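Contents: one structure, followed by commentary.
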Amino acid sequence: MDFNKENATYFDIWSVYQRKSFPLIRPQTLSNVSLLFSSNVTRVIFVRHPLERLASAYIDKIASLTNERFLLYDSIRRAICRRYSSFYLTHAQRKFYRIHRQIPKKIEEPCHNVVPKFEHFIDYIMSNSIINDVHWYPYSKLCYACLFKYNFIGKYETIEEDLGRLLTYLGLEPKDWNNVNYFRTGKTREHYKSMYSNLNNQLLCTLKYLYKDDFKLFDYRLEDYLTDKKTIACSPVHKRQLRKSLERLKLF
């Protein structure tokens, strides 16, 4: 992930906005895009452990059943249910999808209230282009962590302290975050860890490969979220197969 001047020459920052991979920056509003790389600009990023971020996205976007029908994440949830229908539906319910290739909005389909398992969610997003969704796409790709050379990197796990350091760094008045619930999700780290306890080694290796740059750049470990503290050994064959799969989806 070493970007030299030659690499930077071919970096099309306008495509970042077009692909919605860097949603909080609108390059076309800048009079000079090179300002983003200026030494006078403070580039800040806050990161979260990839596995907690992924589990949190699943809980909020897929498992909550609060998304309005036919919106993006509800559509993804129902698509996962249909992909792994043998785990969730009866034979008669599966037959419904063979009959109805296009489902009218007025029809309540068998998957309308099914919450797919976490492992099926991971397997599904890894085999479809929705892996580049901003809620779980690797920071190293989403935020161009190497190219932008951020001046300040904060972590969700220590966000209160890091925000204090950032304010000091920027010469701003510090704030007491102790009584504010901005950073509370209602789930503990142990809860997120438990979600990975049923994943097989192949899925864990897939996650280890997908987030390998995030683990390295931000000092995280996949093993931090394994309940039995085991070390996952991934075969070179699996890595090659996964890389080919991601390259085919034009993600890596």
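The values are calculated or read from the model by the stated rules, or taken from the named source; none is laboratory data. This is a predicted model, so every value here is computed, not measured. Virtual Cβ from ideal backbone geometry, glycine too; neighbours counted across all protein chains shown.
Just a few scattered comments:
- Residue in the range 82-98 that is surrounded by 15 or more Cβ atoms within 10 Å (Cβ to Cβ), closer than 30 Å to Leu226 by Cβ, under 19 Å from the mean Cα position of the chain (by Cα) and modelled with pLDDT of 80 or more present: no
- Looking at Ser75, Ser64, just one residue is part of a loop (DSSP other than H, G, I, E, B), modelled with pLDDT of 80 or more and either under 24 Å from the mean Cα position of the chain (by Cα) or under 30 Å from Thr227 (Cα atoms) (or both), and that residue is Ser64.
- All of Phe152, Phe121, Phe148 fail the test of being more than 20 Å from Leu72 (Cβ to Cβ) and in contact with a helix residue (DSSP H, G or I) (Cβ under 6 Å, 6 or more places away or on another chain), apart from Phe152.
- Residues in the range 207-234 that are in contact with a helix residue (DSSP H, G or I) (Cβ under 6 Å, 6 or more places away or on another chain) and of a type in the set (A, V, I, L, M, F, W, C) were compared, and the one that is nearest to Ser127 (Cα to Cα) is Cys234.
- Just one of the listed residues (Lys216, Lys175, Lys155) is loosely packed, with under 13 Cβ neighbours inside 10 Å, under 30 Å from Ser38 (Cα atoms) and at pLDDT 85 or above, and it is Lys216.
- Residues of the range 89-118 satisfying the condition of being touching a helix residue (DSSP H, G or I) at 6+ places or on another chain (Cβ under 8 Å) and part of a helix (DSSP H, G or I): Gln93, Arg94, Tyr97, Phe118
- Selection from the range 85-143 of residues that are among the aromatic types (Phe, Trp, Tyr) and without any contact (Cβ under 8 Å) to a residue 60 or more places away in the chain: Phe87, Tyr88, Phe96, Tyr97, Tyr124
- Residues that are more than 16 Å from Tyr156 (Cβ to Cβ) and assigned to a loop (DSSP other than H, G, I, E, B), drawn from the range 31-61: Ser31, Asn32, Ser38, Ser39, Asn40, Val41, Thr42, Arg43
- Residue match in the range 106-114 (condition: surrounded by fewer than 13 Cβ atoms within 10 Å (Cβ to Cβ), under 20 Å from Ser64 (Cβ atoms) and at pLDDT 85 or above): yes
- Which listed residue is closer than 18 Å to Leu199 by Cβ, touching a helix residue (DSSP H, G or I) at 6+ places or on another chain (Cβ under 8 Å) and not hydroxyl-bearing (Ser, Thr, Tyr), from Ile45, Ile130, Ile62: Ile62
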